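Novice: Below is a structure I'd like to ask you about.
The values are calculated or read from the model by the stated rules, or taken from the named source; none is laboratory data. Keep in mind that this is a model prediction, so the values were computed, not measured. Glycine gets a Cβ as well: all are built from the backbone with ideal geometry, and neighbour counts include every protein chain shown.
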């Protein structure tokens, strides 16, 4: 099929994939304690459904979605709820957040998988509800609730193409590669579910051209499935070709508009790990309780891919990989380009965890002396979103946030290409992240101010209307009294006098 080329990118990043792809997926053991932060997704944190002392089974819902953009959480093994309190979470801030802790009992009892009818007999709304109840979010790292992405109720957004993202462009990460090698048939079953749900005409499963054996496994699964709407495509290995907008442009030549989403141009893009989770939920009746994670880097003895229960402490994963080496210097969740450092290995695996990089000092270079910008323009040439990083840097640094927003700061995907090519070692992405966070706060404060202003104006308008209504009633009453005929007034007075004369006792008291 014809392919297109997006702007910028880095074609020559060291991949470091082979270190973890030579071994099959191994299932990590159930740890003695599982920890579930209530916010494991974009949107509102889930609400706990259990209390301390409750006994739970694997697959049991322990926290429910709160609001539309949210997702429930399910226990990954049987045991007793031991704590519901703040716990250190995987986040760049290093903060703690409300979490549910379960002390496992070693029995791994589970709820019986719910009996599922043939998905072809279910409506799109039924399937969306099922996927929402399974707690599925984007497993490529974004963790956006999948049900929201799939809920195609608007007729103005007719979906024509489904893109399955198997392009792991980030160095070191290989969990999707092993998934496709070993479970391609399950992934293709999930593609069939999504095609039925969306009513799309075609599905394209894309992987990079540096993994020919994986492509062969996919082709075999596609041929055996015998659905002509599904095809596989090899795309050039250029970072960040796995970015949603970059992959769409590569495969279709279409560009997602600034501030828009793929559905605006008739496309839905989903990570292959998420597709596998959909297959597990819809066909096998299992909610999202585990995922495949790459554990790699020079700081771990045996890099490999593991199927891990969500909530498992990272230390358990390190033990399965035969412990740390003497080169271990830093724990990073994600890859070296877009990942972030972790405080310690007691932090739990969450739904968005796709890689634990145990980096040596030269794998995670953090201490570079930033020098003045020399205006070379390399950052603009490398930017895959066609932004102007140099101008964004000046506006961000001087806190001219509105100017930065006007030149599309919010379109930055924080891929780090500009950081890599900058000869002055300026931490551009850090400046952009700060500016985006500040803009978010500014927009929120403006929203609150507008709400307060609208409430005040509405109250003033209501009080003015009530005052006007009272004045109008008073005016109408006075006018009515003036319009009464004088005779009627005299006759009424005479009638009252006669009545009083006939009944002198009336009026006394």
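Novice: Report the residue count in the stretch 74-124 for those that are in a helix (DSSP H, G or I) and surrounded by 14 or more Cβ atoms within 10 Å (Cβ to Cβ).
Specialist: Here is the first cut: in the stretch 74-124, the residues in a helix (DSSP H, G or I) are 119-121, 124.
Restricting the remaining residues to those that are surrounded by 14 or more Cβ atoms within 10 Å (Cβ to Cβ) gives 119, 124.
Within the stretch 74-124, residues that are in a helix (DSSP H, G or I) and surrounded by 14 or more Cβ atoms within 10 Å (Cβ to Cβ) number 2.
Novice: Now for a separate question. Can you confirm whether residue 381 is touching a helix residue (DSSP H, G or I) at 6+ places or on another chain (Cβ under 8 Å) and in contact (Cβ under 8 Å) with a residue 40 or more places away in the chain?
Specialist: yes
Novice: Name the single residue, out of those in the stretch 288-300 being out of contact with any helix residue (DSSP H, G or I) (no Cβ under 6 Å at 6 or more places or on another chain) and not in a strand (DSSP E or B), that is nearest to residue 157 (Cα to Cα).
Specialist: Checked the stretch 288-300; the qualifying residue nearest to residue 157 (Cα to Cα) is 289.
Novice: Of the residues that sit in the stretch 152-162 and are buried (at least 19 other Cβ atoms within 10 Å of the Cβ) and touching a helix residue (DSSP H, G or I) at 6+ places or on another chain (Cβ under 6 Å), which one is nearest to residue 261 (Cα to Cα)? Give the steps one after another, and end with the answer.
Specialist: Keep residues of the stretch 152-162 that are buried (at least 19 other Cβ atoms within 10 Å of the Cβ), which gives 159, 161-162.
If we keep only those that are touching a helix residue (DSSP H, G or I) at 6+ places or on another chain (Cβ under 6 Å) too, we end up with 159, 162.
Details: 159: 12, 162: 14 Å.
In this case the residue turns out to be 159.
Novice: Is it fair to say residue 18 is without any contact (Cβ under 8 Å) to a residue 12 or more places away in the chain, under 30 Å from residue 214 (Cβ atoms) and out of contact with any strand residue (DSSP E or B) (no Cβ under 8 Å at 6 or more places or on another chain)?
Specialist: The answer is yes for residue 18.
Novice: Which of the residues belonging to the stretch 150-182 are modelled with pLDDT of 95 or more, more than 17 Å from residue 356 (Cα to Cα) and out of contact with any strand residue (DSSP E or B) (no Cβ under 6 Å at 6 or more places or on another chain)?
Specialist: 180, 181, 182
Okay, residues lined up against (1) more than 26 Å from residue 422 (Cα to Cα); (2) in contact with a strand residue (DSSP E or B) (Cβ under 7 Å, 6 or more places away or on another chain):
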{"residue": "320", "(1), (2)": "yes, yes"}
{"residue": "323", "(1), (2)": "yes, no"}
{"residue": "326", "(1), (2)": "yes, no"}
{"residue": "336", "(1), (2)": "no, yes"}
{"residue": "358", "(1), (2)": "no, yes"}
{"residue": "368", "(1), (2)": "no, no"}
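Novice: Then there is this: Restricting attention to the stretch 345-361, and to residues there that are farther than 15 Å from residue 31 by Cβ and touching a residue at least 40 places away in the same chain (Cβ under 8 Å), which single residue is surrounded by the fewest Cβ atoms within 10 Å (Cβ to Cβ)?
Specialist: 360
To keep it simple, each residue is scored yes or no on (1) outside the structural domain of residue 99 (by TED's automatic domain parsing); (2) surrounded by fewer than 24 Cβ atoms within 10 Å (Cβ to Cβ); (3) part of a loop (DSSP other than H, G, I, E, B).
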site	(1), (2), (3)
286	no, yes, yes
302	no, yes, yes
306	no, no, no
315	no, yes, no
318	no, yes, no
322	no, yes, yes
327	no, yes, yes
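Condition check ((1) over 28 Å from residue 271 (Cβ atoms); (2) within 25 Å of the chain's Cα centre (by Cα)) across all residues:
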{"residue": "321", "(1), (2)": "no, no"}
{"residue": "330", "(1), (2)": "no, no"}
{"residue": "359", "(1), (2)": "no, no"}
{"residue": "362", "(1), (2)": "yes, no"}
{"residue": "370", "(1), (2)": "yes, no"}
{"residue": "385", "(1), (2)": "no, yes"}
{"residue": "409", "(1), (2)": "no, yes"}
{"residue": "417", "(1), (2)": "no, yes"}
